[in-house]
Amino acid sequence: ARGGPATRRAGPPLAHDTDPAPPAGRNPGDAARSRAPDDDSGTPRPRGAPLPPFGALRRPLHHQKDRDLALDDAGAETMRALTAAGVGHARARAYVDAGWRGPEAVPWARAGVPATPAVLYRCLGLLPTEAARRAASGTDAEALLRAWWDSGVPRAETASWIVSGATPEQAAVATAMDAPARTRRRSDAGLTGDAGGPG
């Protein structure tokens, strides 16, 4: 009948039907804390046991982070050199992770060149300031290195050509035209070998 007591639905008992009332002397908040998940030790916590302190839950994460950030002696020395020169910790760590070791990394990091492209720019013979200008303009360091090293231009001369503004194709043509003169100069100096090969 309308307005009469609600009919109890059939089915399994609900949680509030089976959970016991909090024991005398404990409030509902205490009971809720006793039902919290187990801690990260893997050992079930007895009902009603106090929760571990917050620091105990964080400590394993910090230990894992410390292991992940472990450096060898050379890497640690490089980190110290970079941070002492005013390089931020994140950039310094990026340089160490990219394989930079020793004080040579300092001018590159201070110039603002990203760590991995800096390795490629250095292989091309560029100075940090020259590399920084190209990095700031969006130059793809890997594509630049590939284009020049495939051009046939002596590698020892690559940086000079890049700074002059020449393209790899222009430098290759000029190098080919100068090949006879190179051969004569090397002959006069008592040297042999292919003057057009990598430097």
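Which residues, counting only those in region 106-148, are over 30 Å from Glu77 (Cα atoms) and touching a residue at least 24 places away in the same chain (Cβ under 8 Å)?
Leu144, Trp148
For region 167-179, which residues satisfy the criterion of being surrounded by fewer than 18 Cβ atoms within 10 Å (Cβ to Cβ) and in contact with a Gly (Cβ under 8 Å, 6 or more places away or on another chain)?
Ala176, Ala179
So which residues in region 86-97 are open to solvent by 40 Å² or more (accessible area, probe 1.4 Å) and closer than 11 Å to Ala118 by Cβ, if there are any at all?
The answer is Arg91, Ala94.
The values are calculated or read from the model by the stated rules, or taken from the named source; none is laboratory data. The shown structure was predicted, so the numbers you read here are calculated from the model rather than taken from an experiment. All Cβ positions, glycine included, derive from the backbone under ideal geometry; neighbour counts span all protein chains shown. Each accessible area value is taken on the protein alone, full model and side chains, heavy atoms only, with ligands, DNA and RNA left out. Shrake-Rupley method; radii C 1.70, N 1.55, O 1.52, S 1.80 Å.
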